[in-house]
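**Student:** Once you've had a glance at the structure underneath, I'll fire off some questions.
Any read-out appearing in this document is the output of simple, stated calculations on the displayed coordinates, not a laboratory observation. Fair warning: this is a prediction, and the values are worked out from it, not measured in the lab. Backbone-built Cβ (ideal geometry, glycine too); neighbour counts: all protein chains shown.
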Amino acid sequence: MSIEEYYLPKSIEETIGILDDPGQDLLVLAGGTLAMPLINEGISTPQKVVGLKNAGLNYIDQVDGELIIGATTTLTQMESQEDLPILKDAAQAVGGWAIRNMATVGGNLFAPPPGGDFAVALLALDAKVVIASNGEERTIPINEFFTGFMTNVLDPGEIVKELRIPLPAGQTSYQKFGRRGANTPSIVTIAVNLRISEETVEDAKIALGAVGPHPFRAIKAEDSLVGKSLTEKNIQVAGALAVSESEPFTDPIASTWYREKMIPIILSRCLESIQR
Ligand SMILES: Cc1cc2nc3c(=O)[nH]c(=O)nc-3n(C[C@H](O)[C@H](O)[C@H](O)COP(=O)(O)OP(=O)(O)OC[C@H]3O[C@@H](n4cnc5c(N)ncnc54)[C@H](O)[C@@H]3O)c2cc1C
């Protein structure tokens, strides 16, 4: 089966109107960097495609103390925003510039591991995901979005409309470790967002990518740091807990063993960069 109908709606209302038929064989297309190679290879054969390009979801805004990012905002656009430097680092960690010119913030939530490098930063920032459909709009914390390997909470007919991030963030750090310095799949990606008062951690958010079925928060590692200072010992404990919360895997990039070894090392680099 080849694509029979291609829609290019001009608003979110028009988009969700087209989606409002759960039985149809329809693919939502954002930047296309993940979806188009699959169509090209005949692995994905949707009957209908809805392109989000003109749906009015390309924006970065600040409203009521939140940074609002439309789902089709590109990673190149995220590189030039100044509100949250961690988002700049995370955008620059994805692919090469040609990919970032097309790849979208919303699309990154759907990247299978070891992808999802931008989503890791969104998790550490405690972003909310706004989901639109022909019914009511709903908003969920991003750590409730992922349900398994390439699965999420979206129901048929729903799309990701935007991300909302509370401002200001705490002290943040982002590290993607791969085989090369740039344009490389992840071995482990970690984002950290800490609130520290008088050398004591008051709140910790630690997100990991490429070491599980989807990007996730390492809650035990976070809890171990709250009420403590960033000593070498406390950092080591957090690293060991982060490993215990991960499900590293072997792929052509790295083995399970190597990913596991790198988790505490990359986490300590993140935490030490905040400490300095
Ligand atoms: C050469 C190459 C290098 C890459 N390197 C990296 C990397 O280093 N790190 C990384 O994380 N990723 C990487 N990727 C994967 C990909 O480019 C990014 O994850 C990108 O952010 C995906 O966004 P997109 O808009 O292109 O998604 P698309 O291909 O348009 O869509 C992907 C999937 O998400 C769904 N989708 C997209 N937007 C929405 C929405 N708003 N609502 C509902 N469903 C939606 C689509 O239906 C589709 O199933 C790479 C890809 C390539 C080809």
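**Student:** Please check: in the Gaussian network model of the chain (C-alpha springs, under 10 Å), which one of Gly32, Gly96, Gly51 has the largest mean-square fluctuation.
**Tutor:** Of Gly32, Gly96, Gly51, the most mobile in the Gaussian network model is Gly96.
**Student:** Given the Cα atoms of region 37-92, and with Rh set as the inverse mean 1/r over their pairs in the Kirkwood sense, what is Rg to Rh to two decimals?
**Tutor:** Here the Rg-to-Rh quotient is 1.13.
**Student:** Determine the alpha carbon to alpha carbon distance for each of Lys10/Lys88; Lys228/Lys261; Lys10/Lys205; Lys10/Lys176; Lys10/Lys128 and list only those over 26 Å. Don't jump to the answer; show the numbers that get you there.
**Tutor:** Numbers: Lys10/Lys88 28 Å; Lys228/Lys261 24 Å; Lys10/Lys205 37 Å; Lys10/Lys176 36 Å; Lys10/Lys128 24 Å.
Check vs 26 Å cut-off fails for Lys10/Lys88; Lys10/Lys205; Lys10/Lys176.
**Student:** Then there is this: Given an 8 Å cut-off on Cα distances and at least 6 residues of separation, report the relative contact order of region 20-171 as a percent. Write down the numbers at each step before the final one.
**Tutor:** Details: 259 pairs, mean separation 35.0, N = 152.
So the answer I get is 23 percent.
**Student:** What size of dipole, in debye to the nearest 20, comes out for the chain about its Cα centre when the only charges are +1 on Lys and Arg C-beta atoms and -1 on Asp and Glu C-beta atoms?
**Tutor:** The calculation lands at about 1060 debye.
**Student:** Let me ask something additional. Given the C-alpha centroids of region 188-224 and region 1-68, what is the distance between them in whole angstrom?
**Tutor:** If we compute the Cα centre of each part, the gap is 32 Å.
**Student:** Using a 10 Å cut-off around each Cβ, can you sort Thr15, Thr172, Thr45, Thr184 from fewest to most neighbouring Cβ atoms?
**Tutor:** With the fewest neighbours first, Thr15, Thr172, Thr45, Thr184 line up as Thr45, Thr184, Thr172, Thr15.
**Student:** Of the options Pro22, Asn193, Val130, report the single residue whose Cα projects farthest towards the positive end of the charge dipole of the chain (beta-carbon charges: Lys, Arg +1; Asp, Glu -1).
**Tutor:** Asn193
**Student:** Still on this model: Per q in 0.07, 0.12, 0.13 1/Å, what log10 I(q)/I(0) does a Debye calculation on the alpha-carbon atoms of the chain return?
**Tutor:** Log10 I(q)/I(0), no solvent term: -0.25, -0.73, -0.85.
**Student:** So what's region 171-275 giving for Rg/Rh, alpha carbon basis, Kirkwood Rh from the mean inverse pair distance?
**Tutor:** Across region 171-275, the Cα-based Rg/Rh ratio is 0.97.
**Student:** While we're looking at this one, here's another question. Taking the Cα centre of region 171-275 as the origin, how large is its charge dipole in debye, to the nearest 20, when only Lys and Arg (+1) and Asp and Glu (-1) carry charge on their Cβ atoms?
**Tutor:** Working: 12 positive and 12 negative charges, 82 e Å.
That gives region 171-275 a dipole magnitude of about 400 debye.
**Student:** Suppose we keep just the alpha-carbon trace of region 142-197; what are its Rg and Dmax in angstrom?
**Tutor:** In order Rg, Dmax, the Cα atoms of region 142-197 give 15.5, 45 Å.
**Student:** How big is region 115-235 in terms of Cα radius of gyration and Dmax, in angstroms?
**Tutor:** Rg and Dmax of region 115-235, Cα atoms, are 15.8, 51 Å.
**Student:** Among Val153, Ala182, Ile60, whose Cα sits farthest toward the positive end of the charge dipole of the chain (+1 at Cβ of Lys/Arg, -1 at Cβ of Asp/Glu, about the Cα centre)?
**Tutor:** Ala182
**Student:** Run through every distinct alpha carbon pair of region 57-117 and return the Kirkwood hydrodynamic radius in angstroms, one decimal place.
**Tutor:** 11.7
**Student:** I need the shape label for region 60-166. Rule: rounded when a/c is under 1.5, else prolate if a/b > b/c, else oblate, with a, b, c from the alpha carbon gyration tensor.
**Tutor:** Since a/c reaches 1.5 but b/c is at least a/b, the shape of region 60-166 is classed as oblate.
**Student:** Give the distance, in whole Å, between the Cα centre of region 233-271 and the Cα centre of region 97-161.
**Tutor:** 24
**Student:** Give the calculated FRET efficiency between Thr256 and Glu13 to the nearest 0.05, with a Förster radius of 51 Å applied to their Cβ-Cβ distance. Working shown, then result.
**Tutor:** Working: r = 46 Å, r/R0 = 0.90.
Calculated transfer efficiency: 0.65.
**Student:** Just want to confirm a number: the relative contact order over region 5-51, from Cα pairs under 8 angstrom separated by 6+ residues, in percent. Don't skip to the end; give the middle numbers.
**Tutor:** On the way: 43 pairs, mean separation 27.5, N = 47.
Once divided by the residue count of region 5-51, the mean separation gives 59 percent.
**Student:** Could you work out the local net charge near Glu136, counting Lys and Arg as +1, Asp and Glu as -1, over the other residues with Cβ closer than 14 Å to its Cβ?
**Tutor:** -3
**Student:** Express the relative contact order of region 92-214 as a whole percentage, based on alpha carbon pairs under 8 Å and six or more residues apart in sequence.
**Tutor:** Computed value for region 92-214: 30 percent relative contact order.
**Student:** How many percent of all Cα-Cα pairs in region 5-51 sit more than 12 Å apart? List each step's numbers first, then the result.
**Tutor:** On the way: 671 of 1081 pairs.
Counting every Cα pair in region 5-51, those more than 12 Å apart make up 62 percent.
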